[in-house]
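The values are calculated or read from the model by the stated rules, or taken from the named source; none is laboratory data. For clarity, every value in this text was computed on a predicted model and none was experimentally measured. Cβ placement follows ideal geometry from the backbone for every residue including glycine, while neighbour counts extend to all protein chains displayed. Just the protein is used for accessible areas: all its heavy atoms, side chains included, with ligands, DNA and RNA removed. Shrake-Rupley method; radii C 1.70, N 1.55, O 1.52, S 1.80 Å.
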Amino acid sequence: MTEETAEAPRQLLIVEDDEAFARTLSRSFERRGYAVMHASNAEEVQALLETRSPDQSPGYAVVDLKLNGEASGLACVQMLHQHNPTMLIVVLTGFASIATAVEAIKLGACHYLAKPSNTDDIEAAFGRANGTTEVELTNRSTSIKTLEWERIHEMLAETGFNISETARRLGMHRRTLARKLGKQQVK
């Protein structure tokens, strides 16, 4: 088989600040035939996009919702979607909430997955970029804890993941909010 007839590898961008997780995910996708690029923050994503036209940009991206410091992966989702509207973007998060899921989809993500998610989950999410009417609806009511968690997440998203400002807006002590977040965090 010559180079002209060989299929070009699918290009994937991983936006993740956890180097170990990014390395593991990269190797796993490379074994599946993807050409993988990595960025740790929005500045690195911007620099990568500046060197590529939309038709040369990756067709797939995996973006962590919460990057180092107070940075939000939602800004990266928006940037990637504006650069290439056909890119399939999956958002990964250890802080899943309805509010951030809705915002991720509005900004251009095709799917939103809670951690821990593996390569199979992510690749399946790329394949489910279009919605389906076959999702099972439940009659289960939402618990108070779930509603509280979703409200906290909504406020976190509004404040750009600023813990102090979120606590102030929710009328709770910063340490109380930090404790609640520590209990809910999925590693």
Among the residues of the stretch 102-128, the number that are assigned to a loop (DSSP other than H, G, I, E, B) and either aromatic (F, W, Y) or open to solvent by 40 Å² or more (accessible area, probe 1.4 Å) (or both) is 4
Hey, any hits in the stretch 64-87 for a residue that's over 21 Å from G160 (Cβ atoms), in the same structural domain as D18 (by the TED database), open to solvent by less than 40 Å² (accessible area, probe 1.4 Å) and part of a strand (DSSP E or B)? no
Might you let me know whether the stretch 3-19 holds any residue that is of a type in the set (D, E), open to solvent by 30 Å² or more (accessible area, probe 1.4 Å), outside the structural domain of S164 (by the TED database) and touching a residue at least 60 places away in the same chain (Cβ under 8 Å)? no
Among the residues of the stretch 57-67, is there at least one that is acidic (D, E) and without any contact (Cβ under 8 Å) to a residue 60 or more places away in the chain? yes
With among the small types (G, A, S) and either within 26 Å of R151 (Cα to Cα) or in contact with a Lys or Arg (Cβ under 7 Å, 6 or more places away or on another chain) (or both) as the only criterion, which of A61, A71 stands out? A71
Output for the stretch 47-63, where each listed residue is open to solvent by less than 70 Å² (accessible area, probe 1.4 Å) and more than 11 Å from L13 (Cβ to Cβ): A47, S53, P54
When A129 is evaluated against the numbered criteria (1) modelled with pLDDT of 70 or more; (2) within 24 Å of Q82 (Cβ to Cβ), which criterion, by number, is the only one it fails? (1)
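From the set of residues in the stretch 31-46 that are in contact with a Leu (Cβ under 9 Å, 6 or more places away or on another chain) and more than 24 Å from E154 (Cβ to Cβ), which is most open to solvent (accessible area, probe 1.4 Å)?
First, the residues of the stretch 31-46 that are in contact with a Leu (Cβ under 9 Å, 6 or more places away or on another chain): 34-42, 45.
When the remaining residues are screened for being more than 24 Å from E154 (Cβ to Cβ), the result is 34-40, 45.
Details: Y34: 12, A35: 36, V36: 34, M37: 31, H38: 66, A39: 1, S40: 23, V45: 0 Å².
Per the criteria, the residue is H38.
Out of all the residues in the stretch 88-101, which are in contact (Cβ under 8 Å) with a residue 12 or more places away in the chain and either basic (K, R) or in a helix (DSSP H, G or I) (or both)? Walk me through it before giving the result.
In the first step, residues of the stretch 88-101 are kept if they are in contact (Cβ under 8 Å) with a residue 12 or more places away in the chain; the result is 88-100.
Answer for the stretch 88-101, where residues must be in contact (Cβ under 8 Å) with a residue 12 or more places away in the chain and either basic (K, R) or in a helix (DSSP H, G or I) (or both): I98, A99, T100.
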